[in-house]
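Each remark here refers to the structure printed beneath this line.
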Amino acid sequence: MRLDLLPRARRSPWLDLLSPALAFAAAVLIGGLAVAAFGVPPGQAFLAYFVAPLSEAWSLQEVALKAAPLSLIATGLAFCYRANLWNIGAEGQVVIGGLAGGWVAIAAHGSEGATVWILPAMLLAGTTAGLAYAMIPALLRVKLGVSEILTSLMLVYVAQLLLDYMVRGPLRDPQGYNFPQSVGFDEAARLPALMAGESLHAGAPIALLAVLLATLVLARTLFGFEVRAVGASPRAARFAGFSDARLTLAVFAISGGAAGLAGICEVAGRIGQLQPEISPGYGFTAIIVAFLGRLSPPGILLAALVIAVTTIGGEGAQIDLKLPLDLTRAFQGLLLCLVLGADVLTRYHIRIVPGGAGGGALP
């Protein structure tokens, strides 16, 4: 017996719309069973994971602060993944962007004349550094045919080790009692808070603007059509005159620039200095967010909010209900698997072929 996946002659728009919600409900149900195995009432865990993060002003700000970098990075990655190119190294591009932008802030530290230009220069440096770092795997693929999956992933560890070296050596605060961290950034080098006395800063509207811009580019421009065409049918796109090499460089530049911008926004926002770790794995989590959002910028924004809510809720559940934080990561991974599985079932139907161990070729 074998299973064949046969394309559906007609796809239901209602099923396409409802499948992510059904996948989320299934993930919550399975998660409830896992929580019950730990001896915690599922209803109490549901409140901790999904209701508590949305019930207070400070937790809503925390959700927005986590969703902003995730949506920004994942939106950039969507350009790559739609073109069937695999940038797995966004975490390294985040780190390099934060390091480059932070270096600008440290170089201008204490300078009275830097109040006007310092923050734009930091954002530009972070974006440019992330873009340049993403060009390494892109050029290796275009010129030498090297797998971008391996090179982009290995470069993550290079970036993390470089940051660690810099904050323990050349960029370490000489008055910092030998702690591995830089000087604190001047006020002019910090992203301004959206409301006085609150933690939510200008990085959130920057991410929202990036999502809006990406939506317009993918839906309304020739470049967006090229990305979709190459992803849907590379051979047909080549016949239409689209260049694989040019597109590879372009989408890696976009994804790297977005990741670098997210890195410097994180450093200039809530951290305010360079330290050995400036990202809690945003670059890797953004891969989940991108696919949860079906590689669509509006969907990515919604997925980033869901992941942010579960992350904040998981931290609260760890404290209040003594549930392991790894349970949150397992839930996020389960949610991704169920959403992808639901997508397959909306596009194909399963046919059971009795007998034989054939190759499963579609008729």
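The values are calculated or read from the model by the stated rules, or taken from the named source; none is laboratory data. Because the structure is predicted, anything quoted here is derived from the model rather than measured. Methodologically, a virtual Cβ is constructed for each residue, glycine included, from the backbone with ideal geometry; neighbour enumeration extends over all protein chains shown. The protein model used for the area step is the full one, side chains on, heavy atoms only, and it has no ligands, DNA or RNA in it. Shrake-Rupley method; radii C 1.70, N 1.55, O 1.52, S 1.80 Å.
Does segment 111-120 contain at least one residue that is outside any helix (DSSP H, G or I), open to solvent by less than 30 Å² (accessible area, probe 1.4 Å), in contact with a helix residue (DSSP H, G or I) (Cβ under 7 Å, 6 or more places away or on another chain) and touching a residue at least 12 places away in the same chain (Cβ under 8 Å)?
Taking every residue of segment 111-120 in turn, none turns out to be outside any helix (DSSP H, G or I), open to solvent by less than 30 Å² (accessible area, probe 1.4 Å), in contact with a helix residue (DSSP H, G or I) (Cβ under 7 Å, 6 or more places away or on another chain) and touching a residue at least 12 places away in the same chain (Cβ under 8 Å).
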inquiry  = Looking at segment 201-210 only, could you name the residues that are open to solvent by 30 Å² or more (accessible area, probe 1.4 Å) and either among the hydrophobic types (A, V, I, L, M, F, W, C) or touching a Pro at 6+ places or on another chain (Cβ under 6 Å) (or both)?
reply    = Ile206, Leu208, Leu209
key: Matching entry among Gly283, Gly269, Gly256, Gly263 (being surrounded by fewer than 24 Cβ atoms within 10 Å (Cβ to Cβ), touching a helix residue (DSSP H, G or I) at 6+ places or on another chain (Cβ under 7 Å) and not in a loop (DSSP other than H, G, I, E, B))   = Gly269
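Among the residues that make up segment 137-148, is at least one of them among the hydroxyl-bearing types (Ser, Thr, Tyr) and either touching a Gly at 6+ places or on another chain (Cβ under 8 Å) or touching a residue at least 40 places away in the same chain (Cβ under 8 Å) (or both)?
No.
Residues checked against (1) under 25 Å from the mean Cα position of the chain (by Cα); (2) open to solvent by less than 50 Å² (accessible area, probe 1.4 Å):
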site: Gly126; (1), (2): yes, yes
site: Ala129; (1), (2): yes, yes
site: Ala134; (1), (2): yes, yes
site: Met154; (1), (2): yes, no
site: Gly184; (1), (2): no, yes
inquiry  = Being touching a residue at least 24 places away in the same chain (Cβ under 8 Å), open to solvent by 70 Å² or more (accessible area, probe 1.4 Å) and under 23 Å from the mean Cα position of the chain (by Cα) is the requirement here; does Leu54 meet it?
reply    = yes
request  = Check Leu213 against each of (1) surrounded by 13 or more Cβ atoms within 10 Å (Cβ to Cβ); (2) not in a loop (DSSP other than H, G, I, E, B) and name the one condition it does not meet.
outcome  = (1)
inquiry  = So if I check each of Ala196, Ala188, Ala159, which one is over 27 Å from Phe284 (Cβ atoms) and either touching a residue at least 24 places away in the same chain (Cβ under 8 Å) or outside any loop (DSSP other than H, G, I, E, B) (or both)?
reply    = Ala188
